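A.B. asks: Could you have a look at this structure, given as structure tokens, before my questions?
What follows is calculated from the coordinates using simple rules that are stated; it is not laboratory data. The structure presented is a predicted model; accordingly, all values stated were derived computationally and were not measured. Methodologically, a virtual Cβ is constructed for each residue, glycine included, from the backbone with ideal geometry; neighbour enumeration extends over all protein chains shown.
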């Protein structure tokens, strides 16, 4: 007991100097930060004075009529440390009009505060907690602009501007080969996300649309929007979808036989298993995986048809689900693609991985006000996820895919033209 008491006392004695050291370190850190801030502002003020001297000449120099003249100083606002601060800015006037100083314009035009606000909120800082998340500035700088309302206004303004620019971005020069479409649920809204793959295997977020994935009108609008932005409706593309009949119909209506559709094999497997008792899930899932991994399209189709025949008697709904759209789950079979590229583009996993990153950001929002807010946040989350994009797995096989899906494009165009004429 005495030994434990001595140990506790010794620990307490050691903690006192440690606490003093930590407090002293915090004070030194703040004073150092304050010193650096003050010296930086002095240097900034010297740069402004140099600009004024270049315009007006040295102090007490008499210029000719109409030359720029010194006009005292005024308080002005500048972004610093996630806030706005008040600094004294030299003034110059000429012919009754204010003359801008190059250094001030360079700092004022490049407003890092908006980007800082978006970055903080995307990382999970609430608008209420924004003020606490930025650096503490000396009182004499009159720091402001970190309140809940100010942070919220900046976030809405920046994300609205980004969404507007991004949703009208030209896609004609991206060299798109494949387009993957999938939906996520946000609050009470369904949001359809489009992800493009170019000839080098690079991924491109193409847009977001609000509406149900089974809504034919919305599916048609998203494809029409891509066509208006430069997607050539006379070229052949690979569309990877989850099995939505509305998406399938919209693709056929706008691209005809040029729209090569690959139904997601993972979604097909889930749909089949949903009609089966759990005890059959492992065996049926394995048989479907083995069939999809067959190198021959003929072999894969035969295995799936045999499985459907086995299920038909006891589980007719599962058999019907397996046979529905079966050929489109095997679209990429027989094209000679590398295993990883075929496997990647045979499911919507690539876009679902992106959706997972987006959900990690979206779940930080506690209350959704309307559809426009959802669309802004989804677009912001998608552009944030784009920072971590890598080329599609098996990208070295993309030239094979391009040759395969566009090699007979002229023949397909002739068939479509004949059907349209009829």
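A.B. asks: Once the Cβ-Cβ distance between residue 46 and residue 169 is put in as r, and R0 is 45 Å, what FRET efficiency do you end up with, to the nearest 0.05? Let's see the in-between values first.
C.D. replies: Values: r = 42 Å, r/R0 = 0.94.
Step by step, r from the Cβ atoms, then E = 0.60.
A.B. asks: Is the C-alpha gyration tensor of segment 299-387 telling us rounded, prolate or oblate? Criteria: a/c under 1.5 is rounded; beyond that, a/b larger than b/c is prolate, otherwise oblate. Before the final figure, lay out the partial values.
C.D. replies: Values: a/c = 4.06, a/b = 1.92, b/c = 2.11.
Oblate is the answer for segment 299-387, as a/c is 1.5 or above yet b/c matches or exceeds a/b.
A.B. asks: Past the 23 angstrom mark, what percentage of all C-alpha to C-alpha distances in segment 270-422 do you count?
C.D. replies: 59 percent
A.B. asks: Once you have the Cα-Cα distance between residue 360 and residue 86, take 0.36 nm times their residue separation minus that, and quote the gain in nm to one decimal.
C.D. replies: Details: separation 274, 0.36 × 274 = 98.64 nm, distance 3.69 nm.
Difference between extended and current length: 95.0 nm.
A.B. asks: Would you order 219, 56 from fewest to most other beta-carbon atoms within 10 Å of each residue's own beta-carbon?
C.D. replies: Least crowded to most crowded, the residues run 56, 219.
A.B. asks: Restricting to Cα pairs below 8 Å that are 6+ residues apart, what does the relative contact order work out to for segment 200-275? Please round to a whole percent.
C.D. replies: Dividing the mean separation by the residue count of segment 200-275 yields 29 percent.
A.B. asks: Would you mind putting 252-259, 292-299 in packing order, based on average other-beta-carbon counts within 10 Å, highest first?
C.D. replies: Descending mean neighbour count gives 252-259, 292-299.
A.B. asks: Still on this structure, please answer the following. Return the distance in nm (one decimal) between the two label points of a simple spin-label model at residue 93 and residue 270, each offset 7 Å from Cα along Cα→Cβ.
C.D. replies: 6.8 nm
A.B. asks: Sorted by packing (mean other beta-carbon atoms within 10 Å per residue), highest first, where do 315-327, 59-71 land?
C.D. replies: Listed from highest to lowest mean packing, they are 315-327, 59-71.
A.B. asks: Taking neighbour Cβ counts within 10 Å as the exposure measure, how do 362, 231 sort from fewest upward?
C.D. replies: With the sparsest Cβ surroundings first, the list reads 362, 231.
A.B. asks: Return the distance in nm (one decimal) between the two label points of a simple spin-label model at residue 289 and residue 62, each offset 7 Å from Cα along Cα→Cβ.
C.D. replies: Between residue 289 and residue 62, the label points sit 9.3 nm apart.
A.B. asks: Now for a separate question. Work out the FRET efficiency for residue 373 and residue 296 from their Cβ-Cβ distance, taking R0 = 41 Å, and round it to the nearest 0.05.
C.D. replies: That pair, residue 373 with residue 296, gives E of 0.25.
A.B. asks: May I ask you to derive the FRET efficiency for residue 161 and residue 53 from their Cβ-Cβ distance with R0 = 30 Å, giving the value to the nearest 0.05? Can you show the working numbers first?
C.D. replies: On the way: r = 37 Å, r/R0 = 1.24.
So the FRET efficiency works out to roughly 0.20.
A.B. asks: I would also like to ask the following. Give me 162, 376 sorted ascending by neighbouring Cβ count inside 10 Å, so fewest comes first.
C.D. replies: Listed from fewest to most nearby Cβ atoms, that is 162, 376.
A.B. asks: Using a 10 Å cut-off on Cβ atoms, rank the peptides 191-198, 169-176 from the highest mean neighbour count down.
C.D. replies: 191-198, 169-176
A.B. asks: For residue 105 and residue 393 in one chain, what is 0.36 nm times their gap in residues minus the Cα-Cα distance, to one decimal in nm?
C.D. replies: Computed gain between residue 105 and residue 393 is 99.1 nm.
A.B. asks: If each residue of separation counts as 0.36 nm, what is the full-extension length gain between residue 317 and residue 227 once their alpha-carbon separation is subtracted?
C.D. replies: This chain segment gains 28.6 nm when fully extended.
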